[in-house]
Amino acid sequence: MSYAAESTKKSVADKKKIELPGPSDAPVVRIPHPQPRKPTDFKSTHFLVHTDLPSKEAHELLNRLEMMLGLISKYWGHPPVGIIECYVVKDLNVWPPGSLHPTGQAKIAQEAGVTLSESLTLGNKTVAAKAVVYAYADRGTPQHEAVHAYCSQTFGKTGPLWYSEGMAEMGQYWYHNDAGVHCHPFVVQYIRASQPKSLSSILSEQSITGDSWQNYAWRWALCHLLANNTNYAARFRPLGLGFLTGQRVSFAETYGPMAAEIAFEYRFFLRHLDEGYRVDLCSWDWKRKFKEPSGGAALTSRIVANRGWQASGVLVSPEKKYDYSASGMWQLSKTAEQATADGNADGAGRLEGVIFKDFELSEAFALGAFGSFTPPAEGQLFLRCRDEWNELADNKGVMSVKIKQAGDGQPLLRPTHTAEEPAETAAAE
Ligand SMILES: [Zn+2]
């Protein structure tokens, strides 16, 4: 780390403060250590970790860091550059005076972390960068900081605040082949109990002193949504790479025409956020064309059990009554009993509807296998199999749902146990 002083640019890439809430009455079990721990060096392929953690925990940490680094370098399509050096501290008292950078030591004292980076730049171009991580030895902080360090050393930049911190938070929750939500339970509780923060306020935030885990939660949720929602994921990766490699990219240019759609899906995600929630399965169908049923013909849609709200293609009005018939069977887990669209006795597995208009949703209302309804509002009818929002992935089965205006044309037939392919949709359009 001996760059020429005049071209060395120091920046504090992080201002993280975590106040970890927890059950204050939980019994604290202290296992006596056979000898006082002292800082030791541990190495893996891409990391050099100085830590006072016991050897077993240090190796577990290295494994987690390597695993995460593999996932993020695959995501960003670039192998890590250089070794990432980390100070991971459990107990500051066992570190000799002067052995830690004062900024790093101060963050660790707050049970948080910071990544200090130095870069050698020629004009606008980063020629070389070295990042050093200082992290309190909880589960998430070293991984969060290691994302910043990877970005700094590999690309020379970490992107705007919302992206940099949102992606670093994602780093600590990233699992292989698993798009579900895995944030801390206190993050879920905080977001669901709070007034949602607007998209524009998150995007415009600049680095502030005393930034909190609460601020990080909103940025993480936005990055998680954009990285996993099938409407936005394909543009999110190149946008991020553009930030990291210093191209002229912006959220507004990438998503400008979709801002209202993203804001709607972001609010929806925040409202239903929970462990295991799958953003990809709840991606909103913006492309489907909707029309009023007319001439006595039924409109047919295919509604699967393992997704969130799905477009029926039917425009409805509260002044009219509609008949429906849902053929097929579905189940609420791989091993659960099959059910019709009437669902179980407790209401789970029942076909239900909601009306979408002007980026607002009505209250959900119960439908079933066969009957009529008068919608609570005017707009586009969306349908789903009622289930816990974080338990959709293991559902199976599909319904073909026919909807027509009541009293118009031939009555609908009672549903069968097999879902037909909605051939009439094409004929009716
Ligand atoms: Zn950070």
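Conditions tested, residue by residue: (1) touching a residue at least 60 places away in the same chain (Cβ under 8 Å); (2) closer than 21 Å to V279 by Cβ; (3) among the hydroxyl-bearing types (S, T, Y); (4) surrounded by fewer than 22 Cβ atoms within 10 Å (Cβ to Cβ).
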site: T158; (1), (2), (3), (4): yes, no, yes, no
site: E169; (1), (2), (3), (4): no, yes, no, no
site: F186; (1), (2), (3), (4): yes, yes, no, yes
site: Q189; (1), (2), (3), (4): no, yes, no, yes
site: L203; (1), (2), (3), (4): no, yes, no, yes
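Quick one: is Q105 within 16 Å of the ligand (Cβ to nearest atom) and of a type in the set (S, T, N, Q)? Steps first, please.
Details: within 16 Å of the ligand (Cβ to nearest atom): no; of a type in the set (S, T, N, Q): yes.
Here the answer is no, as Q105 does not meet what is asked.
Can you spot a residue in segment 392-413 that is assigned to a loop (DSSP other than H, G, I, E, B), free of Cβ contacts under 8 Å to residues at least 40 places away in the same chain, surrounded by fewer than 19 Cβ atoms within 10 Å (Cβ to Cβ) and of a type in the set (A, V, I, L, M, F, W, C)? Break it down into steps so the answer makes sense when it comes.
So in segment 392-413, the residues assigned to a loop (DSSP other than H, G, I, E, B) come out as 392-395, 406-413.
The next check asks that each one be free of Cβ contacts under 8 Å to residues at least 40 places away in the same chain; those that pass are none.
No; the residues of segment 392-413 include none that is assigned to a loop (DSSP other than H, G, I, E, B), free of Cβ contacts under 8 Å to residues at least 40 places away in the same chain, surrounded by fewer than 19 Cβ atoms within 10 Å (Cβ to Cβ) and of a type in the set (A, V, I, L, M, F, W, C).
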Margin query: If I go through segment 300-337 residue by residue, how many of them are aliphatic (A, V, I, L, M) and either outside any strand (DSSP E or B) or surrounded by fewer than 24 Cβ atoms within 10 Å (Cβ to Cβ) (or both)?
Written below: 7
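Can you tell me which residues in segment 138-151 are away from the ligand (no atom under 11 Å from the Cβ) and buried (at least 24 other Cβ atoms within 10 Å of the Cβ)? Full working, then the answer.
Taking segment 138-151 and keeping what is away from the ligand (no atom under 11 Å from the Cβ), we get 138-139, 142, 150.
Matches in segment 138-151: P142, Y150.
Tally up the residues in segment 321-335 that are more than 16 Å from L367 (Cα to Cα) and in contact (Cβ under 8 Å) with a residue 12 or more places away in the chain, please. Even if it seems obvious, please write down each step before you answer.
Of all residues in segment 321-335, those more than 16 Å from L367 (Cα to Cα) come to 331-335.
From what's left, in contact (Cβ under 8 Å) with a residue 12 or more places away in the chain: 331-334.
Number of matching residues: 4.
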Check: For residues in segment 200-213 being touching a Lys or Arg at 6+ places or on another chain (Cβ under 9 Å) and either at pLDDT 90 or above or not hydrophobic (A, V, I, L, M, F, W, C) (or both), which is nearest to the ligand (Cβ to nearest atom)?
Finding: D211
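The values are calculated or read from the model by the stated rules, or taken from the named source; none is laboratory data. All values reported here derive from a predicted model rather than from experimental measurement. Every residue, glycine among them, receives a Cβ derived from its backbone with ideal geometry; neighbour counts consider all protein chains shown.
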